[in-house]
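A.B. asks: Would you mind keeping the following structure in view while I ask a few things?
Just so it is clear, none of the values below were taken in a lab; they were calculated from the coordinates. Quick caveat: nothing in here was measured; it's all calculated off a predicted structure. Using ideal geometry, Cβ is built from the backbone for each residue, glycine included, and neighbour counts are taken over all protein chains shown.
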Amino acid sequence: MEIINDTKVSNGRLVYADILRVIATFAVIFIHVSAISMTSDIIGTGEWMVMSVYNMLCRWAVPMFVMLSGMFLLDPLKKVTYKDIFFKYILRVLVALIVWGTFYNVIDLYGITNISVPVLFDALYHTLCANTHYHLWFLYLIIGLYIMTPILRGFIKGASKKDIEYYLILAIILTCILRLISKDTAIGLWINKLEVKMLVGYSMYYVLGYYLKTYDLNKKLKLSIYILAILGLIISIILNIHIAIERDMINIPMFNDNLGFITLLVAITIFTFFKGKDIKTNRFIDITSKISFGIYLTHDYCISVLYTLGFDTLLFSPLLSIPVLVLVVFILAFIVAYILRKIPYIGKMIA
């Protein structure tokens, strides 16, 4: 992405955004690697606790990807036309969704060794019916946000800082706090009848990314967010482990929620921390950032291959096996994505 008016730019790229994209890519892999052996029969064991901690520590990853998209695409200084939205951004994600949706459906439904024309058509049919591999849900989300982008750009262009803050405060209350209230309560009924669904969900992170890029939080607010994020994360991990053991559940959804208040605070903390650092880029950061989309798309296949070969988080202590497997998966996915990106015409659309 090209950035013009920013002091921390290298070779036309915003350095801290590239760094955030790289660590978010690692965080997504941590989430999925830590979950592969997290089954009900090990609940309460030390191994399960380690997996749960790793998993919860990285829940900010998807929100960060959304924030990074918003910080660029909602910037009024960046020229984005309707043609760009549909034939550049949405088209790229749609092609990736069809290609990788079909690929994963072949594997999930038939196995990689049973490829044939009928199998490919059936896998494609399932993809077109929105029945795809679990981690591809993110592509649907991004398409939806892209569709909303012209409306949100119009809002940003005409909004003052206070207008955006009003939006964010309202969105945070509705998304992270009040949605936890049962719809059967009086407050829940009020929220439902107000029909403010557009404010609820990942559009909050989309606008937040632009806001945090454009405006600096004052030191007291930033420190307060950092403290709340750290304390909230610790408390959430403790409560998740305690309640999950008590209820015999792998995890408690409210503590593993991308739209949760603590996840929001952690995402803000990581974003503003790296924004405030003067870090020089290097070739690894530059390349990884460029192919992070491809790494996201391919990493789960790499995990499944390793798992099939007997490499899982219970091979030895999860405290060490998870980071080791994450590194191996990252390297494999990096190589695959790098090679795929070199394919003429379609490479940049699928990796």
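A.B. asks: So which trypsin sites (Lys or Arg not before Pro) in segment 126-184 end up in coil per DSSP with only 12 or fewer other C-beta atoms within 10 Å?
C.D. replies: Details: sites: 153, 157, 161, 162, 179, 183; in loops: 183.
Counting only loop positions with at most 12 other Cβ atoms within 10 Å, the trypsin sites (Lys or Arg not before Pro) in segment 126-184 are 183.
A.B. asks: Next question. I'd like to know how the chain sits against the 2.2 N^0.38 Å rule of thumb: what's its Cα Rg over that expected value? Write down the numbers at each step before the final one.
C.D. replies: Values: Rg = 20.7 Å, N = 351, 2.2 N^0.38 = 20.4 Å.
The reported ratio for this selection is 1.02.
A.B. asks: Within the chain, what's the longest run with no chymotrypsin sites (Phe, Trp or Tyr not before Pro) in a DSSP loop and at most 11 other beta-carbon atoms within 10 Å? Give the range, please. Walk me through the numbers on the way to the answer.
C.D. replies: Values: sites that count: 215, 316, 345.
Longest gap between qualifying sites, sites excluded: 1-214.
A.B. asks: For the chain, calculate the relative contact order in percent as a whole number, restricting contacts to Cα pairs under 8 Å that are 6 or more residues apart. Please list the in-between numbers first.
C.D. replies: On the way: 394 pairs, mean separation 102.2, N = 351.
That works out to 29 percent.
A.B. asks: While we're here: Kindly identify segment 113-194 as rounded, prolate or oblate by the Cα gyration tensor criterion: order the square roots of the eigenvalues as a ≥ b ≥ c, call it rounded if a/c is under 1.5, otherwise compare a/b with b/c, prolate if a/b is larger, else oblate.
C.D. replies: Details: a/c = 3.87, a/b = 1.81, b/c = 2.14.
In terms of gyration-tensor shape, oblate.
A.B. asks: Assuming R0 = 41 Å, what is the FRET efficiency of residue 120 and residue 45, from their Cβ-Cβ distance, to the nearest 0.05? Could the numbers behind the result be given before it?
C.D. replies: Working: r = 42 Å, r/R0 = 1.02.
With R0 = 41 Å, the Cβ-Cβ based efficiency is 0.50.
A.B. asks: Over the Cα atoms of segment 1-143, how large are the radius of gyration and the largest Cα-Cα distance (Dmax), in Å?
C.D. replies: Taking only Cα atoms of segment 1-143, I get Rg and Dmax of 19.1, 54 Å.
A.B. asks: What percentages, rounded to whole numbers, describe P(r) for segment 222-268 computed over all alpha carbon pairs with 10 Å bin width beginning at zero?
C.D. replies: 30, 48, 19, 3
A.B. asks: Where in the chain are the helices, taken as whole DSSP H runs, whose Cα atoms extend 30 angstrom or more along the long axis and whose Kyte-Doolittle mean reaches at least -0.5? The partial results should precede the final answer.
C.D. replies: On the way: long enough: 15-35 (31 Å, 1.78); 137-158 (32 Å, 1.35); 219-247 (41 Å, 1.44); 318-341 (33 Å, 2.55).
Answer set is 15-35, 137-158, 219-247, 318-341.
A.B. asks: In the structure displayed, which of 88/275; 162/277; 88/193; 161/342; 83/161 lie more than 32 Å apart, Cα to Cα? Each step should come with its number before you reach the end.
C.D. replies: Values: 88/275 28 Å; 162/277 26 Å; 88/193 37 Å; 161/342 42 Å; 83/161 28 Å.
From 88/275; 162/277; 88/193; 161/342; 83/161, over 32 Å: 88/193; 161/342.
A.B. asks: Additional query: For the chain, what is the calculated [θ] at 222 nm in deg cm²/dmol (nearest 500), taking -39500 (n - 2.57) for each run of four or more DSSP H residues and dividing by its residue count? Write out the running numbers ahead of the final one.
C.D. replies: Details: 15 runs with 229 residues, N = 351.
About -21500 deg cm²/dmol.
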